[in-house]
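For reference, the structure discussed in these notes is given below.
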Amino acid sequence: MRKNKITYLVAFLFLAIGISSCSSSSKHIPDFTGVYKGVIEEPEFLFWNNAAKVYLRKNSNDPYRLSLKTNLYKESMGDPFVMEFDDVLVDSRSATDNTFKFKGKEIEVDFGVDGKAKVSLDGVTEGNVMTLNYKITSSHKGETYTATFYGPKMNKKESSKAEIEEFIINDVSVRNIELIGDDIYEISIQRMTPIEVIKGYKFKIKVSDGARYKMEPSTLDIDTPAKAMTITVVSEDESVEQVYTVRLKYV
């Protein structure tokens, strides 16, 4: 009898371990993180109809609790306008690898000249395409608007390159443009070139794929020829920032 009890006990333990193993292996939690690239449209509040990226990232050990950052771009120049939500909840009841819904709690955003506003969001991804709605309530106008993001998930790793690949000024007064070292562009300008001509130069700048750049100031400062301008290039994945100095040389 004692032998039978031991046999039953061993069999029960193996059965329990098997059930536990099956249960844990079937508990699959999708990875909700990723980068989505598309366009934000909003007809009234800020006249948004610009390229944008949405970053979904983990912010805790809870896989259903994320952070969401939105970068709104104007072409490839300047810094993007950024909105960050630190507490975005994924609906765990219906979430799958291809489809999930989420909501972001209301935050206050400073829109500069357009004033402050309360912003909340909700969204859904279906087949790796995100539709995201921002509910914007203007503090000084008291009106509510909706901006909509739509775009697919990027299926490639973002580039970490942040380089100027082409730098051209199409003007007869410019004799030469030379890259000195890794981060100094020297512009050789014909002597006696009028100030208004130099201030009116049109730059053709090409940067690394996916990167963005800004020029400070926006025109060459002839009063400081050794540092007439800086051009800052930020890589697509925002991990690298390269600053170029532009200097003038009169020949």
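Tell me whether segment 177-200 contains one or more residues that are over 15 Å from L248 (Cα atoms), within 29 Å of the chain's Cα centre (by Cα) and either modelled with pLDDT of 95 or more or of a type in the set (A, V, I, L, M) (or both).
Scanning segment 177-200 turns up no residue that is over 15 Å from L248 (Cα atoms), within 29 Å of the chain's Cα centre (by Cα) and either modelled with pLDDT of 95 or more or of a type in the set (A, V, I, L, M) (or both).
The conditions are (1) more than 21 Å from L72 (Cβ to Cβ); (2) crowded, with 16+ Cβ neighbours inside 10 Å, and G210 fails exactly one of them. Which is it?
(1)
Got a sec? Which of S120, S94 is outside any strand (DSSP E or B), hydroxyl-bearing (S, T, Y) and without any contact (Cβ under 8 Å) to a residue 24 or more places away in the chain? Break it down stepwise before answering.
On the way: S120 fails: outside any strand (DSSP E or B).
That would be S94, the only listed residue that is outside any strand (DSSP E or B), hydroxyl-bearing (S, T, Y) and without any contact (Cβ under 8 Å) to a residue 24 or more places away in the chain.
From the list E163, E158, which one is of a type outside the set (A, V, I, L, M) and modelled with pLDDT under 95? Explain how you work it out, then say what you get.
Numbers: E163 fails: modelled with pLDDT under 95.
None of the other options fit; the residue is E158.
Considering only segment 129-151, state which residues are under 21 Å from the mean Cα position of the chain (by Cα) and either open to solvent by less than 70 Å² (accessible area, probe 1.4 Å) or not assigned by the TED database to the domain that holds V90 (or both).
Our first condition is that a residue be under 21 Å from the mean Cα position of the chain (by Cα); within segment 129-151, this holds for 129-136, 146-151.
The answer is V129, M130, T131, L132, N133, Y134, I136, A147, T148, F149, G151.
Matching residues to (1) β-branched (V, I, T); (2) in the same structural domain as A52 (by the TED database); (3) farther than 29 Å from P80 by Cα:
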| position | (1), (2), (3) |
| --- | --- |
| N176 | no, no, yes |
| L179 | no, no, no |
| E186 | no, no, no |
| E196 | no, no, yes |
| Y201 | no, no, no |
| Y213 | no, no, no |
| T219 | yes, no, no |
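In segment 88-113, which residue that is at pLDDT below 90 and surrounded by fewer than 15 Cβ atoms within 10 Å (Cβ to Cβ) is nearest to D31 (Cα to Cα)? First the steps, then the outcome.
So the first thing to find is which residues in segment 88-113 are at pLDDT below 90, and the list is 94, 97-98, 109-113.
From what is left, the residues that are surrounded by fewer than 15 Cβ atoms within 10 Å (Cβ to Cβ) are 94, 97-98, 110, 112-113.
Values: S94: 14, D97: 7, N98: 10, D110: 31, G112: 35, V113: 38 Å.
If we take residues in segment 88-113 being at pLDDT below 90 and surrounded by fewer than 15 Cβ atoms within 10 Å (Cβ to Cβ), then D97 is nearest to D31 (Cα to Cα).
Kindly establish whether E186 is in contact with a strand residue (DSSP E or B) (Cβ under 9 Å, 6 or more places away or on another chain) and open to solvent by 70 Å² or more (accessible area, probe 1.4 Å). Full working, then the answer.
Numbers: in contact with a strand residue (DSSP E or B) (Cβ under 9 Å, 6 or more places away or on another chain): yes; open to solvent by 70 Å² or more (accessible area, probe 1.4 Å): no.
Criteria not met by E186.
Write out, first by first residue and then by second, each pair whose Cβ atoms fall under 9 Å of each other, whose residues are 6+ apart or on separate chains, and whose first residue, in segment 142-162, is among the acidic types (D, E) while the second is assigned to a loop (DSSP other than H, G, I, E, B).
If the second residue must be assigned to a loop (DSSP other than H, G, I, E, B), the pairs left are E143/E44; E143/F45; E158/G210; E158/S235; E158/E236; E158/D237; E158/E238; E158/S239.
Among the strands (runs of 3 or more DSSP E) contained in segment 137-237, which hold 2 or more residues that are among the hydrophobic types (A, V, I, L, M, F, W, C)? Break it down into steps so the answer makes sense when it comes.
Numbers: elements: 144-152, 164-169, 174-180, 184-189, 203-207, 212-216, 229-234.
Correct list: 144-152, 164-169, 174-180, 184-189, 203-207, 229-234.
The values are calculated or read from the model by the stated rules, or taken from the named source; none is laboratory data. Note that the coordinates shown come from a computational prediction; the quantities given were computed from them, not determined experimentally. Using ideal geometry, Cβ is built from the backbone for each residue, glycine included, and neighbour counts are taken over all protein chains shown. The accessibility values were calculated without ligands, DNA or RNA, using every heavy atom of the protein model including side chains. Shrake-Rupley method; radii C 1.70, N 1.55, O 1.52, S 1.80 Å.
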